[in-house]
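The values are calculated or read from the model by the stated rules, or taken from the named source; none is laboratory data. Not measured: the values here are computed from a predicted model. Here the Cβ positions follow ideal geometry from the backbone for every residue, glycine too, while neighbour counts run over all protein chains shown.
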Amino acid sequence: MKKFSSPFFRHMCLISVFMLSIPSASFAGDIDPDLDEHQYSYGENAGWLNFDTGPDPGVEVKEETVEGFAWAENIGWINLSPDAPGGVAIDGDGNLSGWAWGENVGWISFSCQNLDYCETALYGVSIDYTTGMFSGMAWSENIGWINFSHDQAAWYGVKTAVPNLKAFLGNNTGAPEAPAYIWDWFADVYNAGDNEAYFSSGQTIFTDEMPSDSILYRNVEVSGLTSISGTGTVACSLGDGDASNVLTCVASGGDLAIGGGNGGFRVMVQATALTAGEKINPATDGVCLVDPDSLVKESDGTDNDCADSVVVSQAPTIYYVEPAGFCGGKTPCFEKIQEPLDIAPAGVSVRIGGGTYGENMQIDGSVAVEVGCPSDFSDTSPGTPTVLIGF
């Protein structure tokens, strides 16, 4: 076994008097995800410390803390989340800090920054998020160094599960009774890793900058929520105005976690092409990404993108207009009369549902305009008044 020499340390004036209590419920441990015994750190005086204690309380790496209990036969239980001033924290780069407590050994420091000792002895423990491996050294005044670094020859090391977010983009072209120019684009957003991926309220989980040239989007639906925990939920919507082609999903109403083992959700949006040809998603210079702001530290952040394409064989020959923008479910549907008139090619008919429209219009003679249709377009024969204000 390796030997470690310890430098001189001033006496730490930290005193805490409490009994180490073991909770009745087990922690949701995430150490040693591959079940290959990557669960041990080692101290020359402490012996082996087991961070994955099976049915007993284990250790869990959370978004900002490392919590739970490790066990060493020589020194007993080590509590990584004791009451203040203790507790082990983790920053966004995987660096641990703070203190663990053992009833038989006292405080264990996870960073030289705890007491500004880094000039005397540079030490600390960190987690490599690409592998989940712990590395570095912790220090206890009573039992000396505790080594977390993986060593193939010595067989020990501590590894935690890490998330790995992915997104798959697909479509349902060729759906029964659907016109060739209407389809749904759907994105399956999921966590293929072994640990939870955390998003705070308002943070973006997924975004898709879809092609905007001659395509209309509507009817965003979220379904298939699996292993989503926390106080928040997934909310997806389209942007306004020039961003109406941008689909965004956020954590809404609170924080949430997407569980490992393919926890996730599906988001779907209906697309209507006004022209034939290939429609490539994402748009040129656009992105389709899960965790676009790189908020989650994961095992592989290079595979978060997605892409798909649809070939439209024919364009619609009828456009619909209705003040509420619903058109009885028919598409393409517009709220203003001038909108389809500006883009409709020759030979297209624009059917205007009954209602009141406050706008001035210019009509190209190559476009046929039908007025007086019912607002749900259940009957194509005129009969419902269409009022044009300012015409």
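Of all the strands (runs of 3 or more DSSP E) wholly in the range 227-287, which have at least 1 residues that are hydrophobic (A, V, I, L, M, F, W, C) and in contact with a Ser or Thr (Cβ under 7 Å, 6 or more places away or on another chain)?
Details: elements: 228-230, 233-238, 246-252, 256-258, 263-273, 277-281.
Correct list: 233-238, 246-252, 256-258, 263-273, 277-281.
Does C333 fit the bill of being on the phi > 0 side of the Ramachandran plot and surrounded by 19 or more Cβ atoms within 10 Å (Cβ to Cβ)? Criteria not met by C333.
Given the condition among the small types (G, A, S), touching a Cys at 6+ places or on another chain (Cβ under 8 Å) and farther than 15 Å from L49 by Cα, answer yes or no: does some residue in the range 88-109 qualify? Within the range 88-109, not a single residue is among the small types (G, A, S), touching a Cys at 6+ places or on another chain (Cβ under 8 Å) and farther than 15 Å from L49 by Cα.
From the set of residues in the range 108-122 that are farther than 24 Å from E63 by Cβ and not β-branched (V, I, T), which is surrounded by the most Cβ atoms within 10 Å (Cβ to Cβ)? Lay out the reasoning, then the answer.
Going residue by residue through the range 108-122, those that are farther than 24 Å from E63 by Cβ are 115-122.
Next cut, not β-branched (V, I, T) only: 115-119, 121-122.
Numbers: L115: 16, D116: 8, Y117: 18, C118: 13, E119: 7, A121: 14, L122: 11.
Out of the qualifying residues, it is Y117.
Looking across the range 45-72 at every residue that is at pLDDT 90 or above and part of a loop (DSSP other than H, G, I, E, B), the one that is surrounded by the fewest Cβ atoms within 10 Å (Cβ to Cβ) is identified as N45. The set of residues from the range 172-187 being surrounded by fewer than 22 Cβ atoms within 10 Å (Cβ to Cβ) and either under 13 Å from the mean Cα position of the chain (by Cα) or at pLDDT 95 or above (or both) comprises just one member, F186.
Can you find a residue that is assigned to a loop (DSSP other than H, G, I, E, B), of a type in the set (D, E), over 14 Å from the mean Cα position of the chain (by Cα) and buried (at least 17 other Cβ atoms within 10 Å of the Cβ) anywhere in the range 299-322? Show your work before the answer.
We begin by selecting, within the range 299-322, every residue assigned to a loop (DSSP other than H, G, I, E, B); these are 299-304, 306-307, 313-317, 322.
Filter once more, so that each one left must be of a type in the set (D, E): 300, 303, 322.
Still in the list and also over 14 Å from the mean Cα position of the chain (by Cα): 322.
This time we only want the ones that are buried (at least 17 other Cβ atoms within 10 Å of the Cβ), so: 322.
Yes, there is a match, as at least one residue in the range 299-322 is assigned to a loop (DSSP other than H, G, I, E, B), of a type in the set (D, E), over 14 Å from the mean Cα position of the chain (by Cα) and buried (at least 17 other Cβ atoms within 10 Å of the Cβ).
Among the residues of this structure, F27 counts as one that is in a loop (DSSP other than H, G, I, E, B) and either closer than 27 Å to A84 by Cα or at pLDDT 90 or above (or both).
What residue, among those in the range 239-284 that are of a type in the set (S, T, Y) and surrounded by fewer than 19 Cβ atoms within 10 Å (Cβ to Cβ), is modelled with the highest pLDDT?
Applying the first criterion (of a type in the set (S, T, Y)) to the range 239-284 yields 244, 248, 252, 272, 275, 284.
Going one step further and asking which of them are surrounded by fewer than 19 Cβ atoms within 10 Å (Cβ to Cβ), we end up with 244, 252, 275, 284.
On the way: S244: 92, S252: 98, T275: 88, T284: 94.
By that ranking, first place goes to S252.
Pick out the one residue from P345, P340 that is part of a loop (DSSP other than H, G, I, E, B), closer than 23 Å to V371 by Cα and not small (G, A, S).
Working: P340 fails: part of a loop (DSSP other than H, G, I, E, B).
Exactly one residue qualifies, and that residue is P345.
Selection of the range 344-355 for residues being under 42 Å from the mean Cα position of the chain (by Cα) and surrounded by fewer than 16 Cβ atoms within 10 Å (Cβ to Cβ) yields only P345.
Screening F168 with (1) crowded, with 18+ Cβ neighbours inside 10 Å; (2) in contact with a Cys (Cβ under 7 Å, 6 or more places away or on another chain) gives one miss only, at (1). Cβ-Cβ distances below 7 Å connect the following pairs, each with a first residue in the range 95-115 that is on the phi > 0 side of the Ramachandran plot, a second residue that is surrounded by fewer than 23 Cβ atoms within 10 Å (Cβ to Cβ) and assigned to a strand (DSSP E or B), and a separation of six or more residues or different chains: G98/G87; G98/A89.
Restricting to the range 239-270, give me the number of residues that are of a type outside the set (D, E) and more than 26 Å from V162 (Cβ to Cβ). Residues meeting the conditions: 11.
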